[in-house]
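Following: one structure in C-alpha cells, then a few remarks.
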Amino acid sequence: MSIPKRKLGRTGVEVTVFGLGGEGILRTHGYENQAYQLINRAIDLGVNYFESARAYSGSEAYYGLALKERRKDLFLTSKSHARDRRGAWSHLQETLKNMKTDHLDLWQVHDVRTPEDVGEIFGPQGAIEAFMEAKKKGLTRFVGVTGHDDPLITRRCIETFDFDTVLIPVNPAEPVYKSYIDQVIPVAAKKGMGIVAMKVYLRGFAAKLPWFSSMEPFFRFALSQPVSLAVIGCDDVEQLEQNVAFARAFRPMSEDEKQDLIDDVYPYGRKLMYYKP
C-alpha cells in the first residue's frame, strides 16, 4: 500500500502525507550509519518529503551522504535561522554544500518568534532578501516560513510576504493556548499556501500520557486538519516504519473524535506544549 499524497498548496507538488523530519537521530553528530539507513529506508517505503535545517546539528550532512543519486526523486527542504541577508545567504551556501545538491525544493525562514525577528527579517538587508534572490536564481524552488511559539507572529509573517508554505505546530493541545490551528491555518489556507504540520506528538510528550497506547490518534488529528502533510523526526527505523503505517492507514477523524481528543489532552495541554525544562 502506498503512502497517500496531497498537494503542497499552490506549489502544485504532490507530497506524501508523512515527511521525514530533520530531528530525532538526524539531529546528532556521529551517527552516519544509522542516519543513512533511516533516510534510505524512508525512500524505500515511499516517503518523498525530507526536511532539515541549518540549526539541526549534522542533519544536512547526513542527507548529503545518504541521498546521492536518489536526490532527483525527492522534495528536499531546509531552513535558515539567520535574520539578516548576509547570514541567510551564507547559511544557504553551507546547506547546499552539506546536502550535496545544487538546489533546494523548499527553503524556509526558521523559527520566527518575536516582533524584533519580524523587523529584522523584512527590514533593509533582512533575510527575506536572500530568500527572494535564491528563488530568482533557482537555488530554491519555493520559500516558506516556520513558526513555533506565537501564532500571531507567524500570521504577521504570512500577511507580510507571499510565502509558498508555512510549517506550524498542529496537535490537540493547540486549542488550549495560542492556537496555530485557529490563528494561522485559516489565513494560510485562504492564501493557498502549503501547510506543513509539526509537533504532532506534542514534542514527544504525548507518549508520556498513560491512557494512549498508540500515537496514531495524534497523527490522525493532525492530518484531519487542512494540512498538506506532517513532518516527524524519528529516532530509529522502527519509529519510521510506525509512522509510515499510520500514514498508509489514515482515515479522517470526525469532528466529535477531534473534540474528544482535545478534551482528553486539555488538562495537560498548556504544560505539554509550553513547558520549558
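All of the numbers you see were taken from the coordinates with simple rules; none came from a lab. The model shown is predicted, which means the values in this text are computed figures rather than measured ones. Cβ coordinates were reconstructed from backbone atoms using ideal geometry, including for glycine residues, and neighbour counts include every protein chain displayed.
What the table below lists for this structure:
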item	result
Within the chain, percent of DSSP bridges classed antiparallel, to nearest 5	15
Computed label-point distance, nm, for sites residue 70 and residue 132 using a 7 Å Cα→Cβ extension	3.8
Square roots of 5 times each gyration tensor eigenvalue, C-alpha, the chain, largest first, Å	27, 23, 17
Of 137/178; 135/258; 5/97; 68/178, pairs whose Cα-Cα distance is over 32 Å	137/178; 135/258; 68/178
Long-range amide H partners of residue 53 with built H, under 5 Å	60, 79
Given charges at beta-carbon only (K, R positive; D, E negative), |dipole| of the chain in Debye	560
Options 87, 76, 166, ranked by Cα towards positive dipole end of the range 71-209, top entry (Cβ charges)	76
Karplus-derived HN-Hα couplings along the range 88-100 (A = 6.51, B = -1.76, C = 1.60, θ = phi - 60°), whole Hz, x at Gly and Pro	5, 5, 5, 4, 4, 4, 5, 4, 4, 5, 5, 7, 6
Over the range 15-274, relative contact order from alpha-carbon pairs under 8 Å, at least 6 apart, %	20
Residue order, fewest to most beta carbons within 10 Å, for 255, 14, 129	255, 14, 129
Estimated vicinal HN-Hα couplings, Hz - the range 12-27 in sequence order (Karplus 6.51, -1.76, 1.60; Gly, Pro = x)	x, 6, 8, 10, 5, 5, 10, x, 7, x, x, 9, x, 5, 6, 8
